[in-house]
Amino acid sequence: MKQLRYILVIAVLTLAASSIAFAQTTGDRTAHRKASNNSSAEQELIALDRQWTAAELRLNDADRQTINGIVADDYVDTTPTGQITNKTQYMAGLKHSDDTDVADEYQVRFYDNGRLAVMTHRGVVNGKPTYRSTHVWIKRGNKWQLIQNHVSNIGEPPTR
């Protein structure tokens, strides 16, 4: 009887250890899949951000349509001077520019099971670091849309 109990305990412990190992392996694969999906979504959002910036600079009729598709109807923009604008005001204020505007230092974080993303980056205008930007993107259906933008100018640090 004692030997049977010993074998039963060993069998239960072996089964428990196997279950834990399986769960960890499955969890690792799931985490890797999520990281891979986020990496793909991150690259998609960075490409969309660059497309949006290029369209803002060129600003022909096709570019306005591109911007209209990227920027959500419920978009809110906070300008470098602290003004709040909606999509209609933002679109009305767009003007063609011959400037160059290259973004770098991208960081993208995902929330709500990958349906919401917060992106930050630096903007380099005409070769000079000029602003930092924070965007909030939401995935509606299979399409990412920009719902919030906040821009801060990069200035000289205050002297103390």
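Overview of results
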{"item": "Peptides 75-86, 94-105 ordered by average Cβ neighbours within 10 Å, highest first", "result": "75-86, 94-105"}
{"item": "Ellipsoid semi-axes in whole angstrom, largest first, where each is sqrt(5λ) of the Cα gyration tensor of the stretch 59-160", "result": "23, 19, 14"}
{"item": "Estimated FRET transfer efficiency when R0 is 41 angstrom, pair Ser97-Ser39 (beta carbons, to 0.05)", "result": "0.80"}
{"item": "Amide H partners (placed H, <5 Å) of Val71, local residues excluded", "result": "Leu146"}
{"item": "Karplus-derived HN-Hα couplings along the stretch 135-143 (A = 6.51, B = -1.76, C = 1.60, θ = phi - 60°), whole Hz, x at Gly and Pro", "result": "10, 10, 10, 10, 9, 10, x, 10, 10"}
{"item": "For Ile154, distant residues with modelled amide H under 5 Å away", "result": "Tyr131, Arg132"}
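Read-outs: derived from the displayed coordinates by stated rules, not from any lab. Note that the structure is a prediction, hence the values are computed from the model and not measured. Note that each Cβ is placed from the backbone with ideal geometry, even for glycine, and that neighbours are counted across all protein chains shown.
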